[in-house]
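In what follows, a single structure is set out as structure tokens and then discussed.
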Amino acid sequence: MTLQRVPKAGLLPFYLKLYDDLLPECRSGFDGFVGRIAAALETRGLAVQAAPVCRVADEFATAVRQFEADGVDCIVTLHLAYSPSLEAIEAFCATKLPIVILDTTMDADFGRSISPARIMYNHGVHGVMDFASMLRRRRRAFEIVAGHDADPRTMDRAADQVRAVIAAGALRGSRVVRVGNTFAGMGDFSVAEDVLSAKLGISVQQIGLDVLDAAVTNVTDAAVAKEVADDRKRFACALTDESHERSVRVGLGLRHIIEAGGYSGFSVNFQAFDRGGRPANTMPFLEISKAMGRGIGYAGEGDVLTAALVGALARAFGAVTFTEIFCPDWAGDTLFLSHMGEISPAVAGDVPRVIFKPFFGGGSLDPAVLTCAVKPGPAVFVNLTPGPDDTFSLIVAPVEVLAEDASLDPAMRDVVRTWVRPQGKVAPFLEAYSRAGGTHHSALVLGDRADAVAAFGRMSGLEVVRIE
């Protein structure tokens, strides 16, 4: 079961009553346009609830109240023609629903050969300006996407702005469990729990390995057998039944804790796994990876801050994983991303492998680990960094995930890995990243979604730093 859900957008068309009074025949000309926009959002995975065309204050107020009652995630405004802002502004300032302005028109081409009859159907842009100006004056936050809907990028961005709303809400409601203590001496992601709660709405519960021991003890042989069988259907498993079953048993104990506690994220410090003679006898790397694939946030070494970030982004965008910049490739101007044994199968470009791997930490038994090559293409490297005086910033960096080729060292197939290329050179990228205070734990979001991730940051009340 995945935590990712279908975002629901309330589509609200703006219009001018004067046009109905003087040119009543024109209104029907917009029907196909509204339907076209709704369909474009729906094909991008959104549920859309369209309001009737609104012209005056009472109509706007009624539409917004209905959206609130029906539980939409945000309002997407569509400006069919000029619509005076004072008719709409009070309804939009009275609601807590986020606002995404879609600045588009019926026709893509409005050049010199266009008939003046088409002005009526393509002049909503100055209504956008009137409305946006008033929202800003009233300190009412909003996002905006401009472009013609025939350009797929325009509607992709609009749909992702709605997903950003989901991510912002998920971050504010995060419940994260930490297994074991924070890695001693790691300071960059360390934030007092009362600050996380007050500033970001993140609540934290810490448990010891004894709690995991108890959960593992209650895992049945039948549950282990079913999970192993499921793994062998969806992954390329190259390990013994014994080692696979051992990791699955501990993983199912961890899964029970997460599900029973209603946690949206978790962090595990591998150092807590100190011996093999207990029920929690191996680091549950395999379950950690599978949990991220279900939309549950994760970060290593007790980092609940990044775990909440990964979970919020995964709830909205799906293909998200915890990661770290491990090694700079100065010669190739790329960055090698990795971690000990955690990667979400949701970002895999091929069938993930499950292998048996020696445990770096020692003490406990060797774990099963999921490895894969990340799907090549555009992505966003994202970091939530604490700043001075209990402030937080979101670093957003568009990158390109590189495809693997025959030059890959065969031993790298057993390593959690990907190579990404920033939009500029590696050296200035790393300089800018550290000047912005970036921590060594981050998230990778697949897709050309830098605008949406930045919108998520603004909606969450974070300072957004883009590195491009």
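Derivation of every value follows stated rules applied to the coordinates shown; laboratory data play no part. Here the structure is a predicted model, which is why all the values come from computation and not from measurement. Cβ placement follows ideal geometry from the backbone for every residue including glycine, while neighbour counts extend to all protein chains displayed.
See the values below:
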quantity: Charge sum, other residues only, whose C-beta stays under 12 Å from Glu400's C-beta, Lys/Arg counted +1 and Asp/Glu -1; calculated: 0
quantity: Percent of beta bridges antiparallel (DSSP, the chain, rounded to nearest 5); calculated: 45 percent
quantity: Degrees between helix 221-234 axis and first principal axis of the chain (Cα, 0 to 90, nearest 10); calculated: 60 degrees
quantity: Relative contact order (%) - segment 102-177, alpha-carbon pairs under 8 angstrom, separation at least six; calculated: 35 percent
quantity: Range of Cα positions in segment 8-150 per principal axis (Å), largest first; calculated: 43, 33, 26
quantity: Spacing of the two label points (7 Å from each Cα toward its C-beta) at Lys199 and Arg112, in nm; calculated: 5.7 nm
quantity: Relative contact order computed over segment 8-150 (Cα-Cα under 8 Å; 6+ residues apart), in percent; calculated: 28 percent
quantity: Mean-position separation - Cα centroids, segment 324-339 and segment 1-78, in angstrom; calculated: 45 Å
quantity: Whole-number percent relative contact order across the chain, with pairs defined as alpha carbons under 8 Å at least 6 apart; calculated: 14 percent
quantity: Kirkwood estimate for segment 331-410, i.e. one over the average of 1/r between Cα atoms, Å; calculated: 15.6 Å
quantity: 11 Å beta-carbon shell around Trp419, net charge (K/R +1, D/E -1); calculated: -3
quantity: Semi-axis lengths, Å, segment 117-223, gyration tensor of Cα atoms, sqrt of 5 times eigenvalues; calculated: 48, 21, 11
quantity: From the C-alpha gyration tensor of segment 288-363, square roots of 5λ in Å; calculated: 20, 17, 15
quantity: Inter-centroid distance (Cα atoms) of segment 220-256 relative to segment 364-435, Å; calculated: 28 Å
quantity: Positive-pole candidate from Phe30, Val145, Ile114, dipole of the chain, charges at beta carbon; calculated: Phe30
quantity: Structure-derived semi-axes √(5λ) of the Cα gyration tensor in Å: which label, when the choices are (1) 34, 29, 21; (2) 34, 25, 23; (3) 46, 23, 21; calculated: (3)
quantity: Neighbour-limited loop hits for trypsin sites (Lys or Arg not before Pro), segment 327-436 (at most 13 other Cβ within 10 Å; DSSP other than H, G, I, E, B); calculated: Lys425
quantity: Value at 222 nm in deg cm²/dmol, rounded to 500, when DSSP H runs of n ≥ 4 in the chain each add -39,500 (n - 2.57); calculated: -11000 deg cm²/dmol
quantity: Segment 360-468 - Rg (one decimal) and Dmax (whole number), Cα, Å; calculated: 16.3, 49
